[in-house]
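Would you mind keeping the following structure in view while I ask a few things?
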Amino acid sequence: MKKVTQISGLSSLFILLLLVSTSTYAQKIKPDADNAGLTLPAGFAALKVADNVGRTRHIAVNKQGAIYAKLERLDNGKGIAVLKDTDGDGRAETKTTFANYIGTGIAIKGNYLYAASNKEVFKYALNATGDIVDENAAATIVTGLVDKGQHNSKSITLDNAGNVYVNIGAPSNACQEKDRTKGSMGMMPCPILDSAGGIWQFKVDQLNQTYATGVRYATGLRNVVGLDWNNQLNQLFVTQHGRDMLNNLYPDLYDTTVSAELPSETMYAINKGDNAGWPYIYYDHFKGKKMMAPEYGGDGVKTVDDKYINPAMAFPAHMAPNGLLFYTGNQFPARYKNGAFIAFHGSWNRSPLPQEGYYVVFVPYENGKPTGKWEVFANGFSGKSVVKNPRDAQHRPCGLAEGPDGSLYVSDDVKGTIYRIMYQK
Amino acid sequence: MQRIFIVFVFVFFFVAGASAQTNNKVVAASIARGKTVYLQRCMVCHQADGGGVPKLNAPLDASTAVNGSDISKLIKYIVKGLNDRIEIDGEFYANAMPAAADLTDQQIADVLTFIRSNWSNKAAAVTVAQVKQTRSKLK
């Protein structure tokens, strides 16, 4: 009995040492003097791990701290960049590239790296040092997904039961007979939902899965770009890009101000079989209601109360939530643990009003539920106090990842800057 | 003789100047009307600065196609919309462009004249006759 206590005492000492060494490691890394141009809460600091990596969509960090960046445009024919900090200063000294496809989604689970093109999902074995065993030995686990240009990026996340979840965005704004065309009615039922506008679930250990072998896990989601498996709740969470152009398509029902502020961008906690309602509804965070879409008989007043799930959290319109991450680390203060970070790519559909977004948001969670208030966590990516036109933004946040020491990594898909945010007080 | 020549030159410049002035006025009016059309129908995607949205909606400012001589192509984009994924100045844009076939020939001429002369663009005005001719072939 005494022996057991001794061992447990020893192991707590070991854990304590490990914690101390982890935090010392974070202390050793010097942030940039200007915090990489970011504005952060007190006690946080940032540095640029790398610049000009290429248009980086999502990122994954392995146990050794190497960053895998999924590129939206090929860099000398390659679509994944690997960034390594070889001298421990927090900045990447080496960059190598592999994979001959563009895309958005990338994730590490167990000893595998998963990456998505705009049509497929691939899997690569990792060795003990977190490196790809054979860059040319990609196993195609999913193939033949819809890619029609609009909303074609595929994001991925994995659960703990051998499944990968893939968003398949709808190649449409509101499922009109003629996309984005004034006076064109919504198709009933929306035929797009058969193969897009939802989340599909596939097995990680089966090759060449298609729509026929996959499971439509959730539907009625126009275009999800941020998705993450919440390990605390063992549940899928997604962030949806709400529809555009209420004013342009229905000027009599929505003025330019209302159209700039609606509909909400939404985060959903997803259960298998859920329907979030696109294209038939949109969410209005001012009213806290699901509204009937004007293409389906809505008038800005009619609500829909049954059938479709409610968002876990709603945000101002058009800000484009592109990255979602539930924080599990110990480096940040306790209130951040199990809360959600969301990378907002930034709006374009608020014109003539100034654009919004272009920042990373934190959503505090208590007892597995969001507290209901979100806060801007990291701002300044755009390099402008106000972004009037999207092309003026110097950087746009897109992907999020947590490092082994609990640092938060943010990718930018304009210039390919990788930011690392640390807590240092 | 010399006097007659001077009078002739004077008259010539007066007439030419007056017609250029009239023409300027016509173009200015077209630009003003075109701006109204632009704000209602184009700006939401192509933005107030004509810069478009990177990777989604094509820029009109400093675009080679917009400033080019193939005006019929521009007219066709407005009348028929654009669903094909096309490369513009080395970039691809993902969003579909809706057809604006409800616009009149005059409105199309006006909005193109506005677009081609606004921001850093300095291309020639588009006339109603040009729109009419292209449109008749599209139907």
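Conditions tested, residue by residue: (1) surrounded by 19 or more Cβ atoms within 10 Å (Cβ to Cβ); (2) at negative phi; (3) in a strand (DSSP E or B).
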site: A:257; (1), (2), (3): no, yes, no
site: A:260; (1), (2), (3): yes, yes, no
site: A:283; (1), (2), (3): yes, yes, yes
site: A:286; (1), (2), (3): no, yes, no
site: A:300; (1), (2), (3): no, no, no
site: A:307; (1), (2), (3): no, no, no
site: A:311; (1), (2), (3): yes, yes, no
site: A:314; (1), (2), (3): yes, yes, yes
site: A:322; (1), (2), (3): yes, yes, yes
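Still on this structure, I have one more. I'd like the residue in the range B:96-121 that is free of Cβ contacts under 8 Å to residues at least 60 places away in the same chain and out of contact with any helix residue (DSSP H, G or I) (no Cβ under 7 Å at 6 or more places or on another chain) and, out of all such residues, is farthest from the other protein chains (Cβ to nearest Cβ).
Checking each candidate, the answer is B:104.
Kindly indicate which of A:240, A:206 is buried (at least 24 other Cβ atoms within 10 Å of the Cβ), away from every other protein chain (no Cβ under 14 Å) and at pLDDT 95 or above.
That would be A:240, the only listed residue that is buried (at least 24 other Cβ atoms within 10 Å of the Cβ), away from every other protein chain (no Cβ under 14 Å) and at pLDDT 95 or above.
Any idea which of B:35, B:25, B:55 is basic (Lys, Arg), more than 12 Å from the chain's Cα centre (by Cα) and within 14 Å of chain A (Cβ to nearest Cβ)?
When all the criteria are applied, what remains is B:55.
So, one more: Would you please list the contacts, defined by Cβ atoms under 9 Å and residues six or more apart or on different chains, that run from a residue in the range A:64-89 that is within 14 Å of another protein chain (Cβ to nearest Cβ) to a residue that is of a type in the set (Lys, Arg)?
Listed pairs, sorted by first residue: A:71/A:55; A:71/A:57; A:71/A:78; A:72/A:55; A:72/A:57; A:72/B:55; A:73/A:55.
Same structure again: Can you report the number of residues in the range A:12-53 which are at pLDDT 50 or above, out of contact with any Pro (no Cβ under 7 Å at 6 or more places or on another chain) and hydrophobic (A, V, I, L, M, F, W, C)?
10
For residue B:137, indicate whether it is away from chain A (no Cβ under 14 Å) and either modelled with pLDDT under 95 or buried (at least 17 other Cβ atoms within 10 Å of the Cβ) (or both).
So residue B:137 fits the description; yes.
So, in the range A:385-425, of the ones that are within 21 Å of residue A:34 (Cβ to Cβ) and free of Cβ contacts under 8 Å to residues at least 12 places away in the same chain, which residue ends up surrounded by the most Cβ atoms within 10 Å (Cβ to Cβ)?
For the range A:385-425, the residue satisfying everything is A:392.
Take the residues in the range B:67-95 that are part of a helix (DSSP H, G or I) and either of a type outside the set (Val, Ile, Thr) or free of Cβ contacts under 8 Å to residues at least 12 places away in the same chain (or both), then tell me which one is farthest from the other protein chains (Cβ to nearest Cβ).
Checking each candidate, the answer is B:72.
Can you report the number of residues in the range A:379-413 which are of a type in the set (A, V, I, L, M) and either outside any loop (DSSP other than H, G, I, E, B) or within 15 Å of residue A:50 (Cα to Cα) (or both)?
Count: 4.
Of all residues in the range A:148-160 being buried (at least 19 other Cβ atoms within 10 Å of the Cβ) and within 14 Å of chain B (Cβ to nearest Cβ), which is farthest from residue A:230 (Cα to Cα)?
It comes out as A:150.
Could you identify the single residue in A:375, A:402 that is out of contact with any Pro (no Cβ under 7 Å at 6 or more places or on another chain), more than 14 Å from chain B (Cβ to nearest Cβ), under 25 Å from residue A:70 (Cβ atoms) and not aromatic (Phe, Trp, Tyr)?
Unique residue meeting the criteria: A:402.
With the requirement that a residue be in a loop (DSSP other than H, G, I, E, B) and closer than 21 Å to residue A:57 by Cα, what does the range A:336-378 give you?
If the condition is that a residue be in a loop (DSSP other than H, G, I, E, B) and closer than 21 Å to residue A:57 by Cα, then A:345, A:346, A:347, A:348, A:349, A:355, A:356, A:357, A:358 are the ones that fit.
Determine whether residue B:52 is within 24 Å of residue A:151 (Cα to Cα), touching a Leu at 6+ places or on another chain (Cβ under 8 Å) and either touching a residue at least 40 places away in the same chain (Cβ under 8 Å) or not basic (Lys, Arg) (or both).
The answer is yes for residue B:52.
Any residue at all in the range A:129-140 that is within 14 Å of another protein chain (Cβ to nearest Cβ) and crowded, with 19+ Cβ neighbours inside 10 Å?
Checking the range A:129-140: not a single residue is within 14 Å of another protein chain (Cβ to nearest Cβ) and crowded, with 19+ Cβ neighbours inside 10 Å.
For the range A:199-224, what are the residues that are in a loop (DSSP other than H, G, I, E, B) and among the hydroxyl-bearing types (Ser, Thr, Tyr)?
Within the range A:199-224, A:210, A:211, A:213 meet the criteria.
The values are calculated or read from the model by the stated rules, or taken from the named source; none is laboratory data. Values in this document were obtained by computation on a predicted structure and should not be read as measured data. Backbone-built Cβ (ideal geometry, glycine too); neighbour counts: all protein chains shown.
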